[in-house]
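Asks: Got a structure for you, questions after.
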Amino acid sequence: MTKYQIRGGNQLHGTIEISGAKNAAVAIIPAALMVDGVCRIENVPQISDVTLILKILRELGANVQTVNRTTIDIDCSHIRNRQVPYELARKIRASYYLVGALLGRFGWAEVPLPGGCYLGGRPIDQHIKGFVAMGAEVDVRNGLIYAQVPGGGRPAGGQVYLDMVSVGATINIMLCAALANGMTVIENAAKEPHIVDLANFLNSMGADIMGAGTDVIKIRGVSRLRGGSYSVIPDQIEAGTYMAAVAAAGGEVLIKNVIPKHLDCITAKLVEMGVDVEELDDAVFVRRSGPLHRVNVKTMPYPGFPTDMQPQIAAVLCTAQGTSVLTESVWENRYRYVEEFRRMGARIQVDGKVAVIEGVDRLTGAPVQACDLRAGAAMVIAGLSAQGVTEISSIEHIERGYETLVEKLAGAGADIRVLSVPDKEVQPQVG
Ligand code: EPU
């Protein structure tokens with residue numbers, strides 16, 4: 001087993017380079033399944049969620065070649081298997097994009113229910129509503145999602161109004177609609193940067209998608225998508241995580257390879273807290289020298305403050321002056337990490353979707369657990385600002401979404417390393 005060990009107290013200085021966006025890459029790679037020909041995908045992050053989704057594609061018969069560290073070629077011209085393996089699908093949320101991709105291309109899909117972080121219930125009713133609107137029959141039984149166009153052939157276009165803004169449903173419906181017979185309209189669509197990135201990828205392969213990035217997306221189905229090359233956008237949440245790390249630990253860091261516009265919602269809160277953020281063309285310069293001020297934060301779909309930054313901003317607010325109020329409005333249960341923060345001396349009370357954080361002068365290092373991906377990133381931030389040593393276990397959650405996190409932070413002066421713990425020292429968890 002491995003852990004992260006952090007000796008807190010070092011300010012961060014230097015440059016951190018941001019990788020390709022996880023949530024864009026895990027949508028674009030399944031989209032390559034719909035393409036007849038070779039897709040060259042650049043700026044692919046080296047994280048375990050990407051490794052898993054590529055493994056699934058290989059199992060289905062895709063030819064995946066590594067061109068260099070961040071570039072892959074995927075050729076799905078000869079898909080021989082359309083049954084997605086359970087053991088792989090259950091480990092990752094994005095495996096359910098294979099329903100949209102397979103249904104769109106072949107009119108038929110059989111995909112195990114997905115995995116991903118536990119954030120409360122993660123229903124897929126809006127995905128199903130979209131597929132049904134496109135003429136498919138969908139059944140969820142025995143842990144599998146079965147979707148099929150009755151009588152064979154591809155789905156038809158359809159009109160879908162999403163009951164809530166859903167990133168996953170918008171992506172899945174867009175995938176399926178790209179090769180459908182006719183026009184699909186998604187209303188109340190999600191507007192996240194990775195939705196636009198997926199639409200740009202599909203359009204560059206010959207799809208006809210308009211309006212991505214607004215709440216109405218129109219997709220005119222085409223008969224075929226052809227190969228080409230595409231570069232994944234930088235990761236908004238990875239960049240936001242390092243911005244929050246500088247805010248918590250102090251110092252000044254140039255965060256490179258970002259789209260500053262995507263960071264506006266995060267920048268605005270950090271500035272309100274007293275952090276200096278300077279936007280450059282493809283970088284942000286973040287500096288924190290004075291005290292942190294309290295703020296209130298409410299998570300919202302893009303362009304609001306991202307739920308995937310909620311635990312990280314909470315880590316910063318733990319040592320801000322005064323009392324901050326955090327409201328989670330996307331997920332039902334995203335405060336499981338609070339218990340871990342309390343071990344480090346944080347003062348946080350949670351009532352339903354609201355967390356009240358009373359800033360303390362200093363957190364203190366402690367053994368803690370990464371209970372999910374973003375909670376794990378928040379533990380790292382808390383460890384950087386804490387006095388003493390923090391050891392974070394269950395780091396496999398963090399490695400699902402952050403490429404070379406230890407190297408990036410150590411390169412900016414953090415005292416962080418990976419510790420190998422012999423298995424016999426690992427105590428079984430009780431309860
Ligand atoms: N929802 C439904 N029914 C549906 C779909 C969603 O009720 O059919 C609800 C959810 O329960 C939730 C809300 O709608 O309350 C939003 O869920 P959404 O579908 O937008 O989330 P997702 O697609 O499952 C993606 C990201 C998450 C991120 C959310 C919100 C990926 C692979 N995952 O999840 O990212 O939190 O959007 O922005 O893109 C992460 O990267 O750490 C992560 C969890």
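The values are calculated or read from the model by the stated rules, or taken from the named source; none is laboratory data. Just so it is clear, the structure is predicted and the values come from calculations on it, not from any experiment. Methodologically, a virtual Cβ is constructed for each residue, glycine included, from the backbone with ideal geometry; neighbour enumeration extends over all protein chains shown. With ligands, DNA and RNA removed, areas are computed over all heavy atoms of the protein, side chains included. Shrake-Rupley method; radii C 1.70, N 1.55, O 1.52, S 1.80 Å.
Asks: How about the stretch 159-172: which of its residues are within 16 Å of the ligand (Cβ to nearest atom), open to solvent by 10 Å² or more (accessible area, probe 1.4 Å) and more than 30 Å from GLU87 (Cβ to Cβ)? It would help to see each step written out before you state the result.
Replies: Here is the first cut: in the stretch 159-172, the residues within 16 Å of the ligand (Cβ to nearest atom) are 160-172.
From what is left, the residues that are open to solvent by 10 Å² or more (accessible area, probe 1.4 Å) are 161, 163-167.
Passing the criteria: TYR161, ASP163, MET164, VAL165.
Asks: Could you list, in sequence order, the residues of the stretch 360-393 that are within 16 Å of the ligand (Cβ to nearest atom) and either part of a strand (DSSP E or B) or within 12 Å of ILE416 (Cβ to Cβ) (or both)?
Replies: At the first step, the residues of the stretch 360-393 found to be within 16 Å of the ligand (Cβ to nearest atom) are 370-381.
Scanning the stretch 360-393 gives MET379, VAL380, ILE381.
Asks: Out of LEU373, LEU384, which single residue is surrounded by 18 or more Cβ atoms within 10 Å (Cβ to Cβ) and out of contact with any His (no Cβ under 9 Å at 6 or more places or on another chain)?
Replies: Values: LEU373 fails: out of contact with any His (no Cβ under 9 Å at 6 or more places or on another chain).
Just a single option satisfies the conditions, and that option is LEU384.
Asks: Any idea which residue in the stretch 328-358 is least open to solvent (accessible area, probe 1.4 Å), counting only those that are assigned to a loop (DSSP other than H, G, I, E, B) and among the small types (Gly, Ala, Ser)? Walk me through it before giving the result.
Replies: Step one: filter the stretch 328-358 for residues assigned to a loop (DSSP other than H, G, I, E, B), giving 328-337, 344-346, 352-353.
Filter once more, so that each one left must be among the small types (Gly, Ala, Ser): 329, 345-346, 352.
On the way: SER329: 49, GLY345: 37, ALA346: 11, GLY352: 56 Å².
Residue satisfying both the conditions and the ranking: ALA346.
Asks: Another question, then. If ALA189 passes every condition in (1) surrounded by fewer than 19 Cβ atoms within 10 Å (Cβ to Cβ); (2) within 16 Å of the ligand (Cβ to nearest atom) but one, which one does it miss?
Replies: Checking ALA189 against (1) surrounded by fewer than 19 Cβ atoms within 10 Å (Cβ to Cβ); (2) within 16 Å of the ligand (Cβ to nearest atom), the one that fails is (1).
Asks: Modelled with pLDDT under 95 and either within 14 Å of the ligand (Cβ to nearest atom) or hydrophobic (A, V, I, L, M, F, W, C) (or both): which single residue out of VAL222, VAL216, VAL149, VAL140 fits that description? So that I can check it myself, show each step before the final result.
Replies: Details: VAL222 fails: modelled with pLDDT under 95; VAL216 fails: modelled with pLDDT under 95; VAL149 fails: modelled with pLDDT under 95.
Being modelled with pLDDT under 95 and either within 14 Å of the ligand (Cβ to nearest atom) or hydrophobic (A, V, I, L, M, F, W, C) (or both) holds for just one of VAL222, VAL216, VAL149, VAL140, which is VAL140.
Asks: Are there any pairs, at least 6 apart or on different chains, whose C-beta atoms fall under 8 Å, with the first in the stretch 159-172 and assigned by TED's automatic domain parsing to the domain that holds ILE209 and the second among the hydroxyl-bearing types (Ser, Thr, Tyr) and more than 9 Å from the ligand (Cβ to nearest atom), and if so, which?
Replies: Here the result reads GLN159/THR184; VAL160/THR184, each pair linking the stretch 159-172 to a residue that is among the hydroxyl-bearing types (Ser, Thr, Tyr) and more than 9 Å from the ligand (Cβ to nearest atom).
Asks: Quick one: would you say LEU175 is under 19 Å from the mean Cα position of the chain (by Cα), touching a residue at least 12 places away in the same chain (Cβ under 8 Å), surrounded by fewer than 19 Cβ atoms within 10 Å (Cβ to Cβ) and more than 11 Å from the ligand (Cβ to nearest atom)?
Replies: Details: under 19 Å from the mean Cα position of the chain (by Cα): yes; touching a residue at least 12 places away in the same chain (Cβ under 8 Å): yes; surrounded by fewer than 19 Cβ atoms within 10 Å (Cβ to Cβ): no; more than 11 Å from the ligand (Cβ to nearest atom): yes.
Considered against the rule, which asks whether it is under 19 Å from the mean Cα position of the chain (by Cα), touching a residue at least 12 places away in the same chain (Cβ under 8 Å), surrounded by fewer than 19 Cβ atoms within 10 Å (Cβ to Cβ) and more than 11 Å from the ligand (Cβ to nearest atom), LEU175 comes out as no.
Asks: What is the residue count in the stretch 94-135 for residues that are without any contact (Cβ under 8 Å) to a residue 40 or more places away in the chain, away from the ligand (no atom under 12 Å from the Cβ) and in a loop (DSSP other than H, G, I, E, B)?
Replies: Residues in the stretch 94-135 being without any contact (Cβ under 8 Å) to a residue 40 or more places away in the chain, away from the ligand (no atom under 12 Å from the Cβ) and in a loop (DSSP other than H, G, I, E, B): 2 in total.
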